[in-house]
Amino acid sequence: MPAHESIHEYYLHQHRNIENYLELCLIHPEIELVHELRLSIKKLRAFHKLAEHLFLNNTDEHIHIKNRVRKLFVVAGKLRDTQVQIQMLTLFEEQTGIDYTDFRKWLQRLESKQILRFNKKPQQVIPHAMAQSTHQKIGNQLALADNETILDGAGKVLEELLLNAQNLASGNMNDRNLHRLRTITKRMKYILNIIHHSYPDYTFIAVPVESLREIEAIAGNWHDNLVRIEMLDRFISKVKFADDSEKFKYQKLYNACKSELDISYNEAFGIMRKTLL
């Protein structure tokens, strides 16, 4: 299969995945299904970043991404964050032998509310005829791109993303920069995956894909710990505890989680600086 056809198939595959996982999530939004839905959206966004450097900018398609997929991505992300926290709490309870029933119930209520919101957001569907027309336009434009154009475009977009990541990694250590670094390095990984699908021997010497996977894992751990602290903050500020001992129990939980957050934060920034600078 020619490279332009392979890349177009990748693009269509992510659209099909979004539709399929969305349909499954609307029936029962299990944590892995929500994860796969968001993963397909991230891969589609990476395709569009690559397409910008192949002169494939398409207004209709970007409206579709902005008005439907982006909103879907955000609401699915909030749901997945809560589902991950329920899993993390279960593991922490098993490790410590301490029950945090009130926090669990609070998280489960939050999950239920987010499922209701999730079920409403995806109804903003682009008309099927418009979607098919856009897919065909993308395919026609890709057909005009030869191997040199594709590989040159991939190199340019990866270099641009790397420069942005290096500027952030060499700057101040804060949550905002780490969030942006996490997003950029994941997008680099997805773009490399797209190119490797058509050109298995392609290499981006500056940062190998294995290093990007390592960053993704460590930064993902930091993100989950950050969300846990944010949710504990909300829980502790809103819940009226039965007595001081119960409040003290949750304060100890908060302190333990804060310690884990600090460790994961330093690990994430450390690996990024080591890899990117």
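We did not get these values from a lab; they are worked out from the coordinates using the rules stated. The structure presented is a predicted model; accordingly, all values stated were derived computationally and were not measured. Here the Cβ positions follow ideal geometry from the backbone for every residue, glycine too, while neighbour counts run over all protein chains shown.
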Proximal lysines to residue 186, defined as alpha-carbon separation beneath 17 angstrom and excluding residues fewer than eight positions away on the same chain:
42, 43, 49, 156, 274
Checking the cross-link filter: which lysines have an alpha carbon closer than 22 Å to that of residue 247, excluding same-chain neighbours under 8 positions apart?
105, 238, 258
Using only DSSP helix segments of four residues or longer, with each worth -39500 (n - 2.57), what per-residue ellipticity at 222 nm results for the chain after dividing by its residue count and rounding to 500?
-28500 deg cm²/dmol
Reciprocal mean inverse distance between Cα atoms of the range 182-277 - Kirkwood radius, Å
15.7
Residues 201, 81, 146 arranged by fewest to most Cβ contacts within 10 Å
201, 146, 81
Ranked highest first by average number of other Cβ atoms within 10 Å, how do 187-193, 232-238, 263-269 line up?
187-193, 263-269, 232-238
Mind jotting down the three principal axis lengths of the chain based on Cα atoms? Whole angstrom, largest first.
70, 44, 27
Highest-MSF residue in the chain out of 239, 84, 157 [GNM, Cα springs under 10 Å]:
239
Where in the range 71-89 does the label zone of residue 117 land, with the point 7 angstrom along Cα→C-beta and an amide N cut-off under 14 Å?
71-83
In degrees between 0 and 90, to the nearest 10, how far off the longest principal axis of the chain does helix 128-142 point, with axes built from Cα atoms?
60
To the nearest 10 degrees, how steeply does helix 31-52 sit against the main Cα axis of the chain, on a 0 to 90 scale?
40
Which angle between 0 and 90 degrees, to the nearest 10, do you get for helix 244-276 versus the longest principal axis of the chain when only C-alpha atoms count?
30
Over the range 134-185, one equal point on each Cα, no solvent: what is log10 I(q)/I(0) by the Debye formula at q = 0.29 Å⁻¹?
-1.01
Output ordering of 174-182, 39-47 (per-residue mean of other Cβ within 10 Å, highest first) is 39-47, 174-182
